[in-house]
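Each reported figure results from applying straightforward, stated rules to the coordinates on display, with no laboratory input. Predicted, not measured: the structure shown is a model, and the values here were computed from it. Cβ sites come from the backbone with ideal geometry, for glycine too, and all protein chains shown count toward neighbours.
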Amino acid sequence: MLPPPEIMEQKLAAQHVEMQRLGTENQRTAATNETLRQELAAAQHELQILHAQIGAVTSEREQQMTSLADKRAKMEAELQAAEPVKVELQQAHSDAQNSVFSLCYKLDIVIIDCSFNFKTV
């Protein structure tokens, strides 16, 4: 036996309301899904840009480090090359001081001699 037509109409109306609700929910879910896809694509693009920037910064830093290492090596080589000149300059300074002391000593002797000879005359 079939249910009365009023019950069938109520069931149909309830199913129609449920179908509309599900359709609305489906549209909302589809819109959210599309928004999330767009946000994901934007985030992936931004990530690619960041990776490129990181690569550029890393490369620049490596070039700077290489340049600094080269400068340091050059300065160390120049310093070592200057070491013999430094030693020679120190020796020349010592020799000059000794010569000055020797000349002063000899000058003192000459002055003393002159003073002695001047007194005896």
**Asked** For region 89-99, in order, what is each residue's ³J(HN,Hα) by Karplus, 6.51 cos²θ - 1.76 cosθ + 1.60 with θ = phi - 60°, in whole Hz (x at glycine and Pro)?
**Response** 5, 4, 5, 4, 5, 5, 4, 5, 4, 4, 5
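Quick one: putting +1 on the C-beta of Lys and Arg, -1 on the C-beta of Asp and Glu, what dipole do you get for the chain around its Cα centre, in Debye to the nearest 20? Mind showing how you got there, number by number?
Working: 11 positive and 17 negative charges, 62 e Å.
Computed charge dipole of the chain: roughly 300 debye.
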**Prompt:** Hey, which aspartates and glutamates would be in cross-link range of residue 106, C-alpha to C-alpha under 17 Å, not counting anything within fewer than 8 residues on its own chain?
**Reply:** 95
**Request:** For residue 71, go through the aspartates and glutamates and keep the ones whose alpha-carbon is under 15 Å away, minus same-chain ones fewer than eight residues off.
**Result:** 62
**Request:** Would you be so kind as to identify which of 59, 36, 10 lies farthest towards the positive end of the dipole of the chain, taking Lys and Arg as +1 and Asp and Glu as -1 on Cβ and the Cα centre as origin?
**Result:** 59
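With charges set only on the Cβ (+1 for Lys and Arg, -1 for Asp and Glu), what does the dipole of region 1-47 come to about its Cα centre, in debye to the nearest 20?
60 debye
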**Item:** Point-to-point label distance, residue 99-residue 53, nm (Cα→Cβ direction, 7 Å offset)
**Value:** 6.7 nm
**Item:** Directionally averaged projected area (convex hull, Cα atoms, the chain), nm²
**Value:** 19.2 nm²
